[in-house]
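Worksheet: the structure to be examined is printed underneath.
The values are calculated or read from the model by the stated rules, or taken from the named source; none is laboratory data. Computed from a prediction, not measured in an experiment: that's the story for all the values here. Counting neighbours? That spans all protein chains shown, and the Cβs are built from the backbone with ideal geometry, glycine included.
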Amino acid sequence: MNRTNTKKALHSLCFTLFLACFFMVSSYAQTSRITGVIRSTEGETLPGVNIKVKGSNNGTITDGSGSFSIDAKAGDVLSLSYIGFLTKEVTVGQSANLGNIQLATDNVTLQEVAVVSIGYGTTTKKDLTGAVSSVRAADIKQGSLATFDQALQGRAAGVVVNTNSGQPGGGVSIQIRGVATLGGAEPLYVVDGIFYGGDDNGRIYTGGTPVTNPLASLNPSDIESVDILKDASATAIYGSRGSNGVVIVTTKRGAAGAPKLNFDASYGVQQLPYYMPVMNLQEFAVFRNERVRMIGGTYTPEFADPSILGEGTNWQKEIFNDAPVQNYNLNLSGGDDRNKYLISAGYFDQDGIATNSNFKRYSSRINFDNKTLSWLKLGTSVSMSRVTENINNQSGNLISFAIRQSPDIAARNGDGTYGGPYDANFPLSGGNPLAIAEISLNQRKRNEFYGNFYSDILFSKDLTLRSEVNGNFNSGNIYTFTPTYKFGVVENLVSSATRGNTNGTGLTYRNYLSYVHTFAQKLDVNATAGHEATSSVYEYVNAGASNLLTNNISELNQGDATKATSSSGKGHYAIESYFARFNLTFDNKYLLTATVRNDGSSNFAQDKRWNFNSAFGFAWRVSEESFMKESNVNLKLRLGYGTLNNQNITSYAYGSKLSTVQTGNFGTTVLISNLANPDLTWEKTQTSNIGIDLGLFKDRIRLTADAYLKKTEGLLQTLPLALYSGTSVGYATGALGAPAYNLGAIDNKGFEFTLNTENIKSKDFNWNTTLTLSRNKNKVTGLVTNNTIIPTYIGTTIVAQTSVGNSIAEFYGYEMDGIYKDAADLQNSARPAGSNGEILPVNPENVWIGDVKFKDRDGNGIIDEKDRTYLGSPMPKFQFGINNAFRYKAFELTLFFNGNYGNKIFNNLKRENEDPGSNFGMLKSVADFARIGLLDPAGSATDVNNVYLINEGTTVPRVTNANVNNNGRPSTRFIEDGSYLRLKSAVLGYNLPWNLIQKAKMSYLKVFTNVQNVFTITNYTGYDPEVGSAAQSALSAGIDYGRYPSSRTFTLGLSAGF
């Protein structure tokens, strides 16, 4: 019995062991090698993604191409995790290849770990104590833009951006938290550690105003991110160079992994969005006939019957045409643990909508990082570019010319030659706007090289020494040529040509130590200390010739040697600095940043040369406190204060410069050209900032808001003196230029916020919105005296003034109070006074019905200079941007709006072309000039009691030869509201499916269409309410001389990765 049981037990045990072995073999037989590729929702491969079989210790990471392989069996769950992305679980099926797996962005985590450049290092967004705004590559790529600065508009709170010109490659005016200086108010640009901007760096400088955009050589496609430092806590590390804010540009670099090839291409067509309403030929003929009837002159026989005339020539449609723009970019990147590289090349070609304007750029870049030794890292960033620009609208001349020329002149004659004025009584200089644009030359060429070379020496895991040498080398040429010509009765008998050449070199040597350590797992220390020295040299030469032998050759040696001209010059400056920054974080809750920098500048006398900058910032992560842990709210409060200095003035401004003058008896002599001021010193700005970073509902709603106060003293500017002091505008025998001086103070205060919302977030459909708003109030609080003014002129006429109690360069003039409509109106209203101080009489040769009536502000019954007042500021009260991004499956739609509110524009184009006393072509509004009727048709037209204004409500004065009333003086008639709302860009894209593109060995393929400047809502009557400022000077902001209008652009393009 026992033996039988034992035998049965043995049989059972063997059977059980057999089954166990069977199932073990079966189990191992079901395990296989699982492969796949992990990408972002935008199609980019993700290296370093952690992959783990759930419930086991089996795991791996993706390689540089996003690929992975792992042993797993059907039914296993793979957990995929990556910083900045939502964790995803994937169940293994029967197929061993999982194909492409997409990870969605985790905005909560991404916001916290987003890397921000802060100068001489980086940090994460959660560790910031200062005010910093960031713009990413995706925002910059939305349009086919020649320069990246155009993409900043409306995307960064506290940063007011206005396009100065629609000219291809034209620059913008950028003001970070207002204008705190009377000199150049542009921020410092830093690209991969290299300083951009300034007369010696990227601009063509020939002794006058720099005329090119220094950022135009930088290819926007190379940019990875743009970080804008706004308050003193953020900018103090750059000292005086960062007093107007800092824009840090980081370009793309290679990453470990298989080589990746990316190609972008786009082609677009540009159009003029709006034509100014001008008189056609019939309307012009009617007006000219009326004008002759009223004030005399010679009738034009061709205008005898206007009804038989056609439309005539619309000169705007002659000089403005549809124009192409094309952009191609190619980059190759990759590497391994030791070497990483990126090589890029770009070609951008934009024809302007105005005839004979063009911008062309060839660019290339090499970024390389090497870590041959565990303690040594080397790298470089090198860029080269060649830029060619054809410019034909200097100071608005061409556009104003096109409006002024009359419609009775043909652009081209029947035989193809250029038309011109046929009536010697009305010969407008130049004769033919189209011809002048086509046959004249105004070209700039420049070659630029920027290079940064660095080494990182790791002394320990906490201590690193970084050494950098970077420089810029640029050369440029200017070519101008005006040939002889004859267009109808207008003739130019003397041709002229000029050549200019400039060369600039800037070098920077930088060494700094970085120490990062955590003490007791509570206190994080990140400290930086270093030294920097920069020197820059530029030189230029100009030459000119006239009366050249032929129009076919414009070389200077073809001109009249006795009338040749030449000039040259050079300049240099140097700055040396010592700096340190300490970032302390305690318990992940309390953050402190302290920054100091000592700058020494050659722009000041030796005893004024050095100046100290300092700032601190404090932040409290309230959401890390125990009482906030369960609130699901992300909250950080920030506070900052600092003192910065500004050295923005020309070299050797503290001394007396020498100039040469040709004299009849003594030949070439040397004169002192300006008064010296050895006491000249730095501008000083004190900045306070308070801010909040708030995230709600797992950061689906994110708000960053700041309020600030900037107080600047010791403004650097040429001292405004009366002419009797011996100073003079231009050259006068024995005159000395006024000295440079610290002459006043400015306050800027305001607030700004950025609001990001994830409105809808689902598997197939996402909708995100970003709103930015900036408000700044600018006020001059002091000048030499409280009565000192700094005027802004058009010709010899003051149109704006800077004075105590107002903002910089507020428009200044008279308030228009209507049009004199009858005798009673003239009798009961103030009138101008003559040179003898007596009120001008009432008659058609002096002041008459139909003249402009100005407001008598002082109530003395006389209109004189004392009745002028401030008419509004060119600075907007608000600037805003609204971006909506939609994604439905593979489709993407982005709509970006931007605008200004509350700024004024001086419409000088209207002032020049709404003059009924002119003999030439003009705006259509002139047809509503003040018409005078007679109460008694049989009575006298010179009897004021018999005359009245027919068309009450008109703002255009009467036709008169005398214009003793000076109807065109600067007044509210030419001041217009510059507020606008613009759909800046609309982009529609489609990402092609993986199963199609992978057959072509592609990692992604996106096609898109883009429309720039879709529409603009505004009350401004000029071409474009976005006027900007001439030569980026705050003193000339908001004056429309005939701004080259921004084009509406339709673009098709694709982006592909291999």
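Observations on the model:
- Note on region 120-173: residues that are more than 21 Å from Leu773 (Cβ to Cβ) and either assigned to a loop (DSSP other than H, G, I, E, B) or in contact with a Gly (Cβ under 9 Å, 6 or more places away or on another chain) (or both) amount to 17.
- Asn356 being farther than 30 Å from Ile194 by Cα, of a type in the set (S, T, N, Q) and either modelled with pLDDT of 90 or more or in a loop (DSSP other than H, G, I, E, B) (or both): yes
- Test: residue in region 602-614 that is within 24 Å of Leu783 (Cβ to Cβ) and of a type in the set (A, V, I, L, M, F, W, C): yes
- Within region 585-611, tally of residues that are over 18 Å from Ile649 (Cα atoms) and over 29 Å from the mean Cα position of the chain (by Cα): 12
- Residue tally, condition part of a strand (DSSP E or B) and surrounded by fewer than 15 Cβ atoms within 10 Å (Cβ to Cβ), over region 672-685: 1
- Verdict on Thr534 being among the β-branched types (Val, Ile, Thr) and free of Cβ contacts under 8 Å to residues at least 60 places away in the same chain: no
- Tallying residues that are polar (S, T, N, Q), in a strand (DSSP E or B) and more than 16 Å from Tyr512 (Cα to Cα) within region 450-491 yields 6.
- Residues that are assigned to a loop (DSSP other than H, G, I, E, B) and modelled with pLDDT of 90 or more, drawn from region 1028-1040: Gly1038
- Residue match in region 514-530 (condition: over 39 Å from the mean Cα position of the chain (by Cα) and in contact (Cβ under 8 Å) with a residue 60 or more places away in the chain): yes
- Considered as a group, the residues in region 108-129 that are buried (at least 21 other Cβ atoms within 10 Å of the Cβ) and among the β-branched types (Val, Ile, Thr) include one that is modelled with the lowest pLDDT, and that residue is Val116.
To keep it simple, each residue is scored yes or no on (1) loosely packed, with under 14 Cβ neighbours inside 10 Å; (2) modelled with pLDDT under 95; (3) under 30 Å from Ala497 (Cβ atoms).
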| residue | (1), (2), (3) |
| --- | --- |
| Thr562 | yes, yes, yes |
| Ser568 | yes, yes, yes |
| Glu576 | no, no, no |
| Leu584 | no, no, no |
| Asn588 | yes, yes, no |
| Leu592 | no, no, no |
| Arg597 | no, no, no |
| Ser601 | no, yes, no |
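- With respect to the conditions (1) part of a loop (DSSP other than H, G, I, E, B); (2) more than 28 Å from Asn213 (Cα to Cα); (3) touching a residue at least 12 places away in the same chain (Cβ under 8 Å), Gly414 lacks only one, and its number is (3).
- Matching option when the condition is out of contact with any His (no Cβ under 9 Å at 6 or more places or on another chain) and assigned to a helix (DSSP H, G or I), among Asp817, Asp825: Asp825
- Residues being over 34 Å from the mean Cα position of the chain (by Cα) and not aromatic (Phe, Trp, Tyr) - total across region 675-697: 5
- Residue in region 76-92 that is nearest to Lys54 (Cα to Cα), counting only those that are modelled with pLDDT of 85 or more and in a loop (DSSP other than H, G, I, E, B): Asp76
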